[in-house]
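Accompanying notes for the structure given below.
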Amino acid sequence: MIDERAKFINSLYLRNLIEGNFRENEVKIKAYSVEQSSEVIASEGSFFMKRVLIKYTSRSTTDGSLSFIVKINANPKGRNPKDRDVYEEKIPSISNLLLKCAGNIKFVPDLISITQEPREVFVFEDITANGYHAEYIKSGLNLEQSKISLQKLAFFHAASAVAIANDKDAFDGYTVGALTRDTGKFYQDILKKITHQSNPLQIDGVIFDKLKALNMKIVSKAVEDYTRVTPFRVLNHGDFWTRNIFFKYEDSSLVDALFVGFQSAVVGSPLIDLLYFLNTSVEYKTLIESRDHLIYAYHETLKFVLEKLNYKGHIPTLNEIQVDILKNCALELIYLLAIAPILRANTNIVLPRDQDTDVAVVSEKELVEIYTGIKKDVTTLLYAFNDNGRLDWAFSEGKIKGLIGKFQN
């Protein structure tokens, strides 16, 4: 069945694409196919993805072949200036900064072209042809995959912190992310259903009672956590989870990770990405057993890169990051309870990405189905929240200070 939204991908379009971007002349398309890219990356909310395979001839070859990933805006009149700016401006500037201390670090697939007609279209190299692949969403990432993802993220965060310090005006368009008072209404509805007196998810009684008491406070505090202005600021990916990360192996050894999908990029605390990734992407067993190890791996890399780049601001210590996580537990609760289960279930439910997104509410029946099979792991993580006081709503400085000793050397 032909996707009407992708009908513009024809011989003329492909000929112009090759001639305009690969220094080929007199291109003739012999054959091409347009396929869904994969179950993992076929849909990015407001975008959909196609893989294009082409056979062609030109003045220089009689047997040319190429493959591309075409990312198409589902809204014919839609535009995503963040996505375009990140790929065209922010990633190149961040990569150039890293040349000083780390050589050529690649964060994203090579961008081949962006066009606006007949709809917004991004064309990328097909990184699967170079050995990169996405992981199955439901299984979660193992320790090795999680660690390399966070280390690569730390390079990105560190260089972006330097870029922001050098020219904060260049990041003016990144003050609003995916979690706002408007989009928070979607998550408030989910929490309301989770903490209904019927206890539909069968959460442990002690934990359930505490969540119920916090129900009306969690979202507003999470929005404050998300939007707060911090001394150390980075460019967050904004949707940093399994679906947007591709891994490369060589001789069974994991050697690299690349990122895609920056529609929700936002400047703010690095916890926006760090906590989002931990809760949405790491397999539960690894998260339960190795959470502190992963946070340490992220911080160690962040500190190293910032020092190599001669960052002039204050570099957060590991202790400061751990304490900041305690202070911003409302944000993590939203990730753990309302976002991660939906993403991990790989459903067709669309999460709100901005205040203009019109999304359907999630029914109690859907939530019960989503939580099937993960209740034990989520409860274990909630007990960890409870053990260090984060379900007693420890938001006052006095109570937080009593927890700092857990992380002091």
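The values are calculated or read from the model by the stated rules, or taken from the named source; none is laboratory data. Predicted model only: the values in this text are computed from it and were never measured. Note that we place each Cβ from the backbone using ideal geometry, even for glycine, and neighbour counts take in every protein chain shown. Only protein heavy atoms, including side chains, enter the accessible area calculation; ligands, DNA and RNA are left aside. Shrake-Rupley method; radii C 1.70, N 1.55, O 1.52, S 1.80 Å.
Within region 48-79, the set of residues being within 12 Å of VAL121 (Cα to Cα), touching a residue at least 40 places away in the same chain (Cβ under 8 Å) and aliphatic (A, V, I, L, M) comprises ILE69, VAL70, ILE72, ALA74. With the condition kept exactly as written, say whether any residue in region 1-11 is modelled with pLDDT under 95 and in contact with a Pro (Cβ under 7 Å, 6 or more places away or on another chain). Among the residues of region 1-11, at least one is modelled with pLDDT under 95 and in contact with a Pro (Cβ under 7 Å, 6 or more places away or on another chain), which makes the answer yes.
Of LEU150, LEU99, LEU143, all but one fail to be more than 23 Å from VAL52 (Cβ to Cβ), free of Cβ contacts under 8 Å to residues at least 12 places away in the same chain and not charged (D, E, K, R); the exception is LEU99. Does ARG291 satisfy the criteria of being closer than 24 Å to LYS168 by Cα, at pLDDT 95 or above and among the charged types (D, E, K, R)? Judged against the criteria, ARG291 is not a match. Restricting attention to region 95-122, the residues that are open to solvent by 60 Å² or more (accessible area, probe 1.4 Å) and within 18 Å of LEU258 (Cα to Cα) total 5. Of the residues VAL229, VAL219, the single one that is more than 22 Å from ASN346 (Cα to Cα), open to solvent by 10 Å² or more (accessible area, probe 1.4 Å) and assigned to a helix (DSSP H, G or I) is VAL219.
Of the residues ASP172, ASP189, only one is touching a residue at least 12 places away in the same chain (Cβ under 8 Å) and in a helix (DSSP H, G or I); which? Talk me through it step by step, then tell me what you get.
Values: ASP172 fails: touching a residue at least 12 places away in the same chain (Cβ under 8 Å).
None of the others qualify; the one that does is ASP189.
For (1) in a helix (DSSP H, G or I); (2) in contact with a Lys or Arg (Cβ under 9 Å, 6 or more places away or on another chain); (3) basic (Lys, Arg), each residue gets a yes or a no:
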site: ILE137; (1), (2), (3): no, yes, no
site: LEU153; (1), (2), (3): yes, no, no
site: THR180; (1), (2), (3): no, no, no
site: LYS185; (1), (2), (3): yes, no, yes
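Take LEU211 and tell me if it is more than 23 Å from VAL359 (Cα to Cα), under 17 Å from the mean Cα position of the chain (by Cα), surrounded by 18 or more Cβ atoms within 10 Å (Cβ to Cβ) and not aromatic (Phe, Trp, Tyr). No.
Which helices (runs of 4 or more DSSP H) does region 259-333 wholly contain that include 2 or more residues that are in contact with a strand residue (DSSP E or B) (Cβ under 6 Å, 6 or more places away or on another chain) and open to solvent by less than 20 Å² (accessible area, probe 1.4 Å)? Can you show your working first?
Numbers: elements: 271-281, 284-308, 318-327.
Filter on region 259-333 gives 271-281.
So, TYR383, is that one over 20 Å from the mean Cα position of the chain (by Cα), open to solvent by 30 Å² or more (accessible area, probe 1.4 Å) and over 19 Å from SER264 (Cα atoms) or not? Outline the logic, then answer.
Numbers: over 20 Å from the mean Cα position of the chain (by Cα): yes; open to solvent by 30 Å² or more (accessible area, probe 1.4 Å): yes; over 19 Å from SER264 (Cα atoms): yes.
In short, yes.
Being charged (D, E, K, R) and either under 19 Å from the mean Cα position of the chain (by Cα) or closer than 26 Å to LEU14 by Cα (or both) is the filter here, so list the residues in region 85-127 that pass it. Across region 85-127, the qualifying residues are ASP85, GLU88, GLU89, LYS90, LYS106, ASP110, GLU117, ARG119, GLU120, GLU125, ASP126.
Residues that are out of contact with any helix residue (DSSP H, G or I) (no Cβ under 8 Å at 6 or more places or on another chain) and open to solvent by less than 10 Å² (accessible area, probe 1.4 Å) are absent from region 186-203.
Among the residues of region 263-284, is any at pLDDT 95 or above and more than 19 Å from the chain's Cα centre (by Cα)?
Let us first name the residues in region 263-284 that are at pLDDT 95 or above, namely 265-284.
With more than 19 Å from the chain's Cα centre (by Cα) added as a condition, the list becomes none.
Looking for residues that are at pLDDT 95 or above and more than 19 Å from the chain's Cα centre (by Cα), one finds none in region 263-284, hence no.
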